[in-house]
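**Student:** Sending over a structure as structure tokens; questions will come in a sec.
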Amino acid sequence: MINRRLIRIKVFKVLYSMVASGSDSLVEAEKALKYSCDKTLHLYYFILNAAVALGNAAEARIQTGLKKFNPTPEERNPNRKFADNQVSAWLRQNERFTKYCEDHGLVWTEDLALVIRKILAALSEKEYFKEYMASQTRSMAEDCALFVRIFSDPELFEDNEELESFLEDMSLFWIDDLGYVLGVIVRNLEILGKRGTMPFPDVFLKDDDREFAYELLRAAVTGYHKYMDIVVANTSNWDPDRVVITDLVMIIQGVAEAVRFSNIPLKVTINEYVDISKFYSTANSRVFVNGLLDRILRKMVDTGEIVKTGRGLIES
């Protein structure tokens, strides 16, 4: 599930936390990384489970209307298309999905009922939802297409401030991962619409990525002080008070990656940390990280401290 960009971000956060706290325990760092990665998978299941919660909320709304003393014609003869949608039903009936959610507490409880009702109310005003409800056809493909629109709608999930507040209370690890998780959910719903089933992801996309995550963390933690000295030596008029700590951690992690992984091109490593700096540091960090990391890595290639193998891995 987790790609290498997100792995780099998670390692960066663990390394930054260690530096900020003064810790140098690799064991604790590895535990923190595992916990962070596991929480991303938990977020995937929790957000996907919102499809079940929305279906349940739609059913509850119908039942409330039917119980009114003087229901409107619409309440007396409700459109059940969304309440009976096949995506919610498939997830609700899938034992593997429901067991994972229940075992890890990834269920939309009463505390979150208001959030779901507000999402459902906002959804009901969307033109794409009105078109869906007006259509006489019913199929898994159509229902999946609807939920692709729902989970892709920033107003409903990614930019929903109330949901963000609840997620932050549930886990500090979840907020930064929400956009990525929504993308995975959308891709898997598209698969469900085409095949009638969907994959259940593991924490990592493949075993190589798991190895990459822990090897990168170990290289950065064990080599931190050595790479710090290299950064200082390559920074004119070094003043630690003027260097943003996030930039320093990113550059050291970038050096660790370049040294440890001979099969990753320097350009890839540099570009990755420059991109990450746009989101986790200052407005000027992109230029600083790019310039200093590029200079350090190319010097280390010249001195033989970095050796890249494979065709095309060293750019002129």
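The values are calculated or read from the model by the stated rules, or taken from the named source; none is laboratory data. Model, not experiment: these values are computed from the prediction. Every residue, glycine as well, gets a Cβ built from its backbone with ideal geometry; the counts of neighbours run over all protein chains shown. Surface areas here come from the heavy atoms of the whole protein model, side chains and all, with no ligands, DNA or RNA. Shrake-Rupley method; radii C 1.70, N 1.55, O 1.52, S 1.80 Å.
Table: residues versus (1) among the β-branched types (Val, Ile, Thr); (2) in contact (Cβ under 8 Å) with a residue 24 or more places away in the chain; (3) under 30 Å from residue 213 (Cα atoms).
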{"position": "31", "(1), (2), (3)": "no, no, yes"}
{"position": "34", "(1), (2), (3)": "no, no, yes"}
{"position": "41", "(1), (2), (3)": "no, yes, yes"}
{"position": "44", "(1), (2), (3)": "no, yes, yes"}
{"position": "50", "(1), (2), (3)": "no, yes, yes"}
{"position": "55", "(1), (2), (3)": "no, yes, no"}
{"position": "64", "(1), (2), (3)": "yes, no, no"}
{"position": "85", "(1), (2), (3)": "no, yes, no"}
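**Student:** Please state which one of 118, 126 is touching a residue at least 24 places away in the same chain (Cβ under 8 Å) and closer than 24 Å to residue 45 by Cβ.
**Tutor:** Exactly one residue qualifies, and that residue is 118.
**Student:** From the list 191, 185, pick out the single residue that is assigned to a helix (DSSP H, G or I), at pLDDT 95 or above and touching a Pro at 6+ places or on another chain (Cβ under 7 Å).
**Tutor:** Only one candidate qualifies: 191.
**Student:** For residue 202, indicate whether it is outside any helix (DSSP H, G or I) and open to solvent by 50 Å² or more (accessible area, probe 1.4 Å).
**Tutor:** Answer is yes for this residue.
**Student:** Let me ask another. Would you mind finding the one in 313, 248, 297, 292 that is at pLDDT below 95, under 22 Å from residue 4 (Cα atoms) and outside any loop (DSSP other than H, G, I, E, B)?
**Tutor:** 248
**Student:** While we're looking at this one, here's another question. I'm told residue 81 meets every condition in (1) open to solvent by 50 Å² or more (accessible area, probe 1.4 Å); (2) charged (D, E, K, R); (3) more than 22 Å from the chain's Cα centre (by Cα) except one. Can you identify the failing condition by its number?
**Tutor:** Looking at each condition in turn, residue 81 falls short on (1).
**Student:** I'd like the full set of residues that are part of a loop (DSSP other than H, G, I, E, B) and either over 19 Å from residue 131 (Cα atoms) or of a type in the set (Phe, Trp, Tyr) (or both), limited to the range 51-97.
**Tutor:** Of everything in the range 51-97, those that are part of a loop (DSSP other than H, G, I, E, B) and either over 19 Å from residue 131 (Cα atoms) or of a type in the set (Phe, Trp, Tyr) (or both) turn out to be 67, 68, 69, 70, 71, 72, 82, 94.
**Student:** Mind listing just one residue for me: the one in the range 213-245 that is in a loop (DSSP other than H, G, I, E, B) and open to solvent by less than 60 Å² (accessible area, probe 1.4 Å) and, of those, modelled with the lowest pLDDT? Spell out how you get there, then give the answer.
**Tutor:** Here is the first cut: in the range 213-245, the residues in a loop (DSSP other than H, G, I, E, B) are 223, 234-239, 243-244.
Then keep just the ones that are open to solvent by less than 60 Å² (accessible area, probe 1.4 Å); that gives 223, 234-235, 239, 243-244.
On the way: 223: 96, 234: 89, 235: 84, 239: 67, 243: 72, 244: 84.
So, considering only residues that are in a loop (DSSP other than H, G, I, E, B) and open to solvent by less than 60 Å² (accessible area, probe 1.4 Å), the one modelled with the lowest pLDDT is 239.
**Student:** Test residue 186 against the criterion of being open to solvent by less than 40 Å² (accessible area, probe 1.4 Å) and under 30 Å from residue 86 (Cα atoms), and give yes or no.
**Tutor:** Yes, satisfied.
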